[in-house]
Amino acid sequence: MCSIVGANEYLAAFSAGMIIATVGPRFRLAFDGFGEALTDLFKLAVLLVFGALLTPKLFTGMTWHSALFAVIALAVARPVGLWLAS
């Protein structure tokens, strides 16, 4: 349908999800389990792709400053940001 009218497929899927969640709470409850599983699957796929991109060649030019920055960003900044958001 989107191809015929020239619409964006991603916006159409988002709009359809919003309508289903708003109009039919029963449908939303039925989709919750599937949506959680799909979310976890995509998170695993992203971790797999980023993990595959980490090669020893990537770290050859890394200085101790950049390594320290990475550790601080992962161990301090991200948890503080999550804490502030909640």
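Every number in this text was worked out from the coordinates using simple rules, so none of it is lab data. Just so it is clear, the structure is predicted and the values come from calculations on it, not from any experiment.
Among Phe31, Phe14, Phe42, the largest mean-square fluctuation in a Gaussian network model of the chain (Cα springs under 10 Å) belongs to Phe14.
The candidate values were (1) 16.0, 49; (2) 20.2, 55; (3) 33.2, 102; the one computed from these coordinates for Rg and Dmax of the Cα atoms in Å carries the label (2).
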